[in-house]
Amino acid sequence: MRRYPDRMVLLLRTLWKGLTLRFRAPMEALETSVLAFRVWPNDLDVNVHMNNGRFLSVMDLGRFDLTFRTGLGRAMLRNRWKPLVGGVTIRYRRSLDPFEAYELHTRVLGWDAKWFYLEQRFLKRDGGLAAEGVVRALFRGREGNVPAAEVLSQMGYTGPAVDPPEALRRWAEG
(Lines give C-alpha, C1' and ligand atoms only; values in the text may rest on other atoms or scores of the structure.)
Protein backbone atom coordinates (compact mmCIF):
# COMPACT_ATOMS: atom_id res chain seq x y z
CA MET A 1 0.00 0.00 0.00
CA ARG A 2 1.34 3.42 -0.93
CA ARG A 3 1.55 6.15 1.64
CA TYR A 4 0.96 9.81 0.90
CA PRO A 5 2.20 11.70 3.98
CA ASP A 6 2.10 15.13 2.32
CA ARG A 7 -1.52 14.67 1.28
CA MET A 8 -2.39 13.41 4.74
CA VAL A 9 -0.88 16.45 6.44
CA LEU A 10 -2.76 18.81 4.10
CA LEU A 11 -5.94 16.83 4.72
CA LEU A 12 -5.40 17.11 8.48
CA ARG A 13 -4.74 20.86 8.21
CA THR A 14 -7.92 21.27 6.16
CA LEU A 15 -9.98 19.23 8.62
CA TRP A 16 -8.56 21.19 11.55
CA LYS A 17 -9.36 24.54 9.93
CA GLY A 18 -12.84 23.25 9.07
CA LEU A 19 -13.50 22.03 12.60
CA THR A 20 -12.33 25.29 14.15
CA LEU A 21 -14.43 27.49 11.84
CA ARG A 22 -17.28 27.56 14.34
CA PHE A 23 -14.97 29.22 16.85
CA ARG A 24 -13.89 31.93 14.43
CA ALA A 25 -15.95 35.07 13.96
CA PRO A 26 -17.98 35.52 10.76
CA MET A 27 -16.50 38.01 8.31
CA GLU A 28 -17.74 40.57 5.84
CA ALA A 29 -16.86 39.97 2.19
CA LEU A 30 -14.08 42.57 2.09
CA GLU A 31 -12.43 41.73 5.41
CA THR A 32 -9.11 39.91 5.65
CA SER A 33 -8.90 36.31 6.80
CA VAL A 34 -5.85 35.63 8.98
CA LEU A 35 -4.70 32.08 9.67
CA ALA A 36 -1.72 31.05 11.81
CA PHE A 37 0.58 28.22 10.72
CA ARG A 38 3.95 26.72 11.47
CA VAL A 39 6.46 25.20 9.03
CA TRP A 40 6.65 21.46 9.71
CA PRO A 41 9.38 19.09 8.47
CA ASN A 42 7.16 17.71 5.68
CA ASP A 43 6.77 21.30 4.35
CA LEU A 44 10.51 21.53 3.62
CA ASP A 45 12.43 21.10 0.40
CA VAL A 46 16.09 20.14 -0.14
CA ASN A 47 17.12 23.69 0.80
CA VAL A 48 15.54 23.16 4.24
CA HIS A 49 12.94 25.90 3.89
CA MET A 50 9.25 25.76 3.01
CA ASN A 51 8.79 24.25 -0.43
CA ASN A 52 7.45 26.65 -3.07
CA GLY A 53 4.60 24.25 -3.89
CA ARG A 54 3.56 24.11 -0.26
CA PHE A 55 2.85 27.85 -0.35
CA LEU A 56 0.21 27.19 -3.02
CA SER A 57 -1.35 24.38 -0.98
CA VAL A 58 -1.56 26.56 2.12
CA MET A 59 -3.15 29.31 0.02
CA ASP A 60 -6.06 26.90 -0.59
CA LEU A 61 -6.69 26.89 3.16
CA GLY A 62 -6.83 30.68 3.25
CA ARG A 63 -9.44 30.74 0.50
CA PHE A 64 -11.37 27.99 2.31
CA ASP A 65 -11.42 30.08 5.50
CA LEU A 66 -12.49 33.24 3.67
CA THR A 67 -15.22 31.39 1.77
CA PHE A 68 -16.85 29.83 4.80
CA ARG A 69 -16.46 32.74 7.22
CA THR A 70 -18.13 35.15 4.78
CA GLY A 71 -21.14 32.85 4.46
CA LEU A 72 -20.33 31.99 0.87
CA GLY A 73 -19.57 28.39 1.83
CA ARG A 74 -23.19 27.68 2.71
CA ALA A 75 -24.38 29.14 -0.61
CA MET A 76 -21.71 27.17 -2.42
CA LEU A 77 -22.83 23.90 -0.84
CA ARG A 78 -26.55 24.68 -1.27
CA ASN A 79 -26.12 25.50 -4.97
CA ARG A 80 -23.46 22.86 -5.62
CA TRP A 81 -21.00 25.44 -6.87
CA LYS A 82 -17.39 24.43 -7.29
CA PRO A 83 -14.64 27.00 -6.71
CA LEU A 84 -12.11 26.97 -9.54
CA VAL A 85 -8.77 28.74 -9.77
CA GLY A 86 -8.06 30.27 -13.16
CA GLY A 87 -4.62 31.65 -12.42
CA VAL A 88 -2.08 32.23 -9.69
CA THR A 89 1.00 34.35 -9.53
CA ILE A 90 3.26 34.36 -6.52
CA ARG A 91 6.41 36.22 -5.55
CA TYR A 92 8.72 34.74 -2.94
CA ARG A 93 10.52 37.32 -0.81
CA ARG A 94 12.04 35.56 2.21
CA SER A 95 12.34 31.93 3.31
CA LEU A 96 10.17 30.30 5.91
CA ASP A 97 12.45 28.08 8.03
CA PRO A 98 11.72 24.83 9.91
CA PHE A 99 9.25 25.31 12.78
CA GLU A 100 8.89 29.01 12.02
CA ALA A 101 5.46 30.47 12.77
CA TYR A 102 3.77 32.56 10.08
CA GLU A 103 0.39 33.97 9.16
CA LEU A 104 -1.53 33.80 5.91
CA HIS A 105 -3.62 36.89 5.15
CA THR A 106 -6.29 36.44 2.46
CA ARG A 107 -8.56 39.17 1.09
CA VAL A 108 -10.67 39.98 -1.96
CA LEU A 109 -9.10 42.67 -4.13
CA GLY A 110 -12.04 43.01 -6.50
CA TRP A 111 -14.08 41.27 -9.16
CA ASP A 112 -15.44 41.59 -12.65
CA ALA A 113 -18.48 39.87 -14.18
CA LYS A 114 -16.84 36.44 -14.02
CA TRP A 115 -13.71 36.42 -11.85
CA PHE A 116 -12.80 37.21 -8.25
CA TYR A 117 -9.27 38.45 -7.56
CA LEU A 118 -7.73 37.65 -4.20
CA GLU A 119 -4.49 38.66 -2.53
CA GLN A 120 -2.73 36.19 -0.25
CA ARG A 121 0.26 37.26 1.85
CA PHE A 122 2.56 35.13 4.01
CA LEU A 123 3.83 37.17 6.94
CA LYS A 124 6.65 36.11 9.22
CA ARG A 125 6.31 36.58 12.95
CA ASP A 126 8.47 39.74 12.77
CA GLY A 127 5.99 41.17 10.26
CA GLY A 128 8.29 40.64 7.28
CA LEU A 129 6.79 39.50 4.01
CA ALA A 130 7.77 35.94 3.06
CA ALA A 131 5.61 35.67 -0.07
CA GLU A 132 2.63 37.28 -1.75
CA GLY A 133 0.30 35.85 -4.31
CA VAL A 134 -2.67 36.86 -6.39
CA VAL A 135 -5.36 34.38 -7.36
CA ARG A 136 -8.06 34.63 -10.01
CA ALA A 137 -11.00 32.36 -9.19
CA LEU A 138 -14.60 31.74 -10.15
CA PHE A 139 -17.47 29.48 -9.19
CA ARG A 140 -19.01 26.92 -11.52
CA GLY A 141 -22.49 25.49 -11.10
CA ARG A 142 -24.47 22.86 -12.94
CA GLU A 143 -25.23 25.29 -15.75
CA GLY A 144 -21.74 26.75 -16.10
CA ASN A 145 -19.89 29.66 -14.58
CA VAL A 146 -21.79 31.56 -11.92
CA PRO A 147 -21.77 35.34 -12.48
CA ALA A 148 -19.94 37.24 -9.75
CA ALA A 149 -23.11 39.27 -9.08
CA GLU A 150 -24.99 36.06 -8.21
CA VAL A 151 -22.20 34.89 -5.91
CA LEU A 152 -22.17 38.25 -4.13
CA SER A 153 -25.95 38.25 -3.80
CA GLN A 154 -25.98 34.75 -2.30
CA MET A 155 -23.42 35.77 0.31
CA GLY A 156 -25.44 38.84 1.24
CA TYR A 157 -23.00 41.46 -0.05
CA THR A 158 -24.83 44.73 -0.77
CA GLY A 159 -21.90 47.13 -0.99
CA PRO A 160 -20.51 48.81 -4.08
CA ALA A 161 -18.72 46.92 -6.82
CA VAL A 162 -14.97 46.72 -6.34
CA ASP A 163 -13.10 46.75 -9.63
CA PRO A 164 -9.82 44.85 -9.64
CA PRO A 165 -6.72 47.00 -10.06
CA GLU A 166 -5.71 47.64 -13.68
CA ALA A 167 -2.51 45.62 -13.27
CA LEU A 168 -4.57 42.56 -12.32
CA ARG A 169 -6.83 42.95 -15.33
CA ARG A 170 -3.78 43.09 -17.60
CA TRP A 171 -2.29 40.04 -15.86
CA ALA A 172 -5.57 38.12 -16.28
CA GLU A 173 -5.79 39.00 -19.99
CA GLY A 174 -2.17 38.02 -20.68
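The values are calculated or read from the model by the stated rules, or taken from the named source; none is laboratory data. Keep in mind that this is a model prediction, so the values were computed, not measured. As a convention, Cβ positions derive from the backbone with ideal geometry for all residues, glycine included, and neighbour counts pool all protein chains shown.
What the table below lists for this structure:
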read-out	value
In the range 73-82, the residues that are at pLDDT below 95 and surrounded by 14 or more Cβ atoms within 10 Å (Cβ to Cβ)	Gly73, Ala75, Met76, Asn79
The listed residue being more than 15 Å from Leu118 (Cα to Cα), at pLDDT 95 or above and out of contact with any Lys or Arg (no Cβ under 6 Å at 6 or more places or on another chain), out of Tyr92, Tyr102	Tyr92
Test for Phe37: is it crowded, with 17+ Cβ neighbours inside 10 Å, under 19 Å from Arg121 (Cα atoms) and touching a residue at least 60 places away in the same chain (Cβ under 8 Å)	yes
Residue in the range 34-44 that is closer than 19 Å to Phe116 by Cα and either at pLDDT 90 or above or not in a loop (DSSP other than H, G, I, E, B) (or both) present	yes
Residues of the range 115-161 satisfying the condition of being farther than 30 Å from Arg38 by Cβ, touching a residue at least 40 places away in the same chain (Cβ under 8 Å) and small (Gly, Ala, Ser)	Gly141, Gly156, Gly159, Ala161
Flag if Gln120 is surrounded by fewer than 19 Cβ atoms within 10 Å (Cβ to Cβ) and polar (S, T, N, Q)	no
